Amino acid sequence: MAIFKVPFLTGVRRLLYILTPNESSFHFENEVPEYLKEAVPFFFVFIILEIIISFLKGDGKVRLNDGVTSISAGIFSKVPDLLTKSILYCSYLWVYENFRILELSWNSPWTWWFCLLGVDCGYYWFHRFAHEVNFMWAAHSVHHSSEEYNLTTALRQSVLQLYTSWMFYIPLALFVPFTIFMVHCDMNTIYQFWIHTKYIKTLGPLEYIMNTPSHHRVHHGRNPYCIDKNYGGTLIIWDRLFGTFAAESEEVAFGLTHPLNTFEPVQVQFGYVKYMFRRLSSLSGWKNKVASMFCGPGWAPGKPRLGNIEDIPKVQPPFQLYDTKTPLWMNIYVAVHFPLTVVGFQIIHQTANMLSAVHVLLYSGFLLLSLTSFGLMFDKRPLSPFLELIRCAGFIFGELLLRDNEYGSSESSTTVNVIRVMYLASLGIWSMQSVRAMASTMPKQMKQE
């Protein structure tokens with residue numbers, strides 16, 4: 001299976017949204033490339049490059065625990081794609097086929113450019129609402145939960161966000177052909193990957209028009225001057241037009257104003273959702289309850305719709321980051337097993353339509369178990385040895401079941417045999433770790449007996 005589906009330079013051009021209408025206008029849906037899937041290998045090439053730069057500089061801008069958590073959130077957000085069709089594409093196509101007012105020409109450069117602007121404007125307003133409406137922030141806050149700002153942060157996405165964002169693009173379905181929308185929907189997302197970095201300081205005159213790493217660093221900041229600023233996706237013109245622009249000035253502290261302090265992916269995805277409903281139940285009166293869902297996350301009774309900026313905690317460098325000191329051997333273990341999980345997800349994501357629903361569900365369950373296990377290791381939770389023991393045993397058992405059916409083969413490659421041996425060894429390691437964990441929790445009297 002080839003890693004890159006397109007030439008390397010083509011992939012890099014796509015990261016920068018350097019496409020022409022002629023090469024990216026299509027009449028039929030099945031002609032549209034899967035831009036986002038084809039971009040994933042390029043994401044990881046540049047993530048690895050950034051890790052190498054960080055290692056050579058020794059600046060600690062990429063941490064294993066935070067990076068794994070961000071990529072885990074990205075994988076988590078794509079699991080529904082294995083099981084269901086996109087609500088955005090289904091709703092857009094339905095509106096376009098049944099309610100369009102005007103059918104713009106699919107091969108007109110004017111349609112292409114109109115859609116580029118329309119998708120980015122739709123993204124701006126979705127993004128602004130996602131910060132200013134609490135129930136939408138419950139999903140979008142996942143992306144802001146990292147206290148680092150690097151290329152892995154771009155992949156930290158919410159599994160719930162698509163269920164609130166789709167409606168902002170539907171007005172385009174009244175005019176723009178579905179195939180052209182598909183192109184720009186993917187390209188708008190792909191462009192936003194590379195701007196998640198500290199290593200690019202400024203882009204000169206482009207800073208006036210384009211969303212850049214500098215502008216987006218402000219957006220991810222928790223300094224008071226950064227709050228609710230720079231919502232643009234590809235272009236920064238919307239923020240300049242609608243009064244939400246702020247230039248990077250003082251050093252930015254990244255993450256949430258009230259950090260999650262965890263690397264566990266389920267808590268990252270749903271921690272704020274739980275908080276939101278706890279807060280909802282604590283308020284009296286239906287008006288306050290409605291306001292807590294539809295006003296900003298900083299709202300409280302008696303405060304403005306978006307809260308008071310004075311309530312934002314002030315931060316001063318050096319910034320305190322949530323971190324845990326896991327043993328070197330455990331970091332190496334995750335650094336070996338996590339890439340296998342990512343590759344496995346990529347394979348399943350590419351071939352899900354050829355698998356039965358049962359197999360997809362089983363793999364999705366194993367995938368979420370794996371991501372949770374890695375997060376618990378980094379959080380140094382007492383449950384982590386037992387969960388990883390179950391994960392390794394589950395892999396071995398599942399691989400034995402699948403080996404001789406239509407999804408596997410009794411003829412094994414060297415790579416498959418190495419993975420089998422690795423999981424058997426891992427099973428032994430975590431068996432011993434689980435015994436040690438149980439022994440450490442035994443009462444002293446029982447130990448003496």
- line: Partner aspartates and glutamates whose C-alpha sits under 15 Å from that of Lys303, ignoring same-chain residues fewer than 8 away, are Glu132, Asp311
- request: For each of Lys325, Lys78, count neighbouring Cβ atoms within 10 Å of the residue's Cβ, then give the residues from fewest to most.
  value: Lys325, Lys78
query: How much length is gained if the chain between Arg279 and Val336 is pulled fully straight, taking 0.36 nm per residue apart and subtracting their Cα-Cα distance, in nm to one decimal?
result: 16.5 nm
task: Can you tell me the dipole magnitude for the stretch 209-356 around its Cα centre, using point charges on the Cβ only (Lys, Arg +1; Asp, Glu -1), in Debye to the nearest 20?
output: 580
- request: Return the long-range amide H neighbours of Gly221 (sequence gap of 5 or more, or a different chain), with a cut-off of under 5 Å between placed amide H atoms.
  value: none
- request: Please list the non-local residues whose amide H lies under 5 Å from the amide H of Leu235, H modeled 1.01 Å from N, same-chain partners needing a gap of 5 or more.
  value: Asn211
message: Cut-off 10 angstrom, C-alpha nodes, Gaussian network model of the chain. Which of Asp81, Asp323, Asp59 fluctuates the most?
response: Asp59
Gaussian network model of the chain, springs between alpha carbon atoms under 10 Å - residue of Pro385, Pro259, Pro304 with greatest fluctuation: Pro304
query: Can you give the relative contact order of the stretch 8-242 as a percent, counting alpha carbon pairs under 8 Å and 6+ residues apart?
result: 28
message: Normalised radius of gyration for the stretch 8-242, please: alpha carbon Rg relative to 2.2 N^0.38 Å, two decimal places.
response: 1.01
statement: The relative contact order of the stretch 328-440, taking Cα pairs under 8 Å that sit 6 or more residues apart, comes to a percentage of 25
message: Using +1 at the C-beta of Lys and Arg and -1 at the C-beta of Asp and Glu, which of Trp238, Ser282, Ser434 has the Cα lying farthest in the positive direction of the dipole of the chain?
response: Ser282
task: Rounded to the nearest 0.05, what FRET efficiency do Ser105 and Ile396 give with R0 = 45 Å and r taken as the Cβ-Cβ distance? Could you check?
output: 0.20
- prompt: What size of dipole, in debye to the nearest 20, comes out for the chain about its Cα centre when the only charges are +1 on Lys and Arg C-beta atoms and -1 on Asp and Glu C-beta atoms?
  reply: 1240
statement: Checked against the positive end of the charge dipole of the stretch 15-111 (+1 on Cβ of Lys and Arg, -1 on Cβ of Asp and Glu, about the Cα centre), the farthest of Asn98, Ser86, Val40 is Val40
- prompt: So which of Lys57/Lys78; Lys37/Lys61; Lys198/Lys229; Lys229/Lys287; Lys85/Lys229 end up more than 21 Å apart by C-alpha?
  reply: Lys57/Lys78; Lys37/Lys61; Lys229/Lys287; Lys85/Lys229
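Values quoted throughout were computed directly from the atomic coordinates according to the rules given, and no laboratory measurement underlies them. Keep in mind that what you see is a predicted model, and the values were worked out from it rather than measured. All Cβ positions, glycine included, derive from the backbone under ideal geometry; neighbour counts span all protein chains shown.
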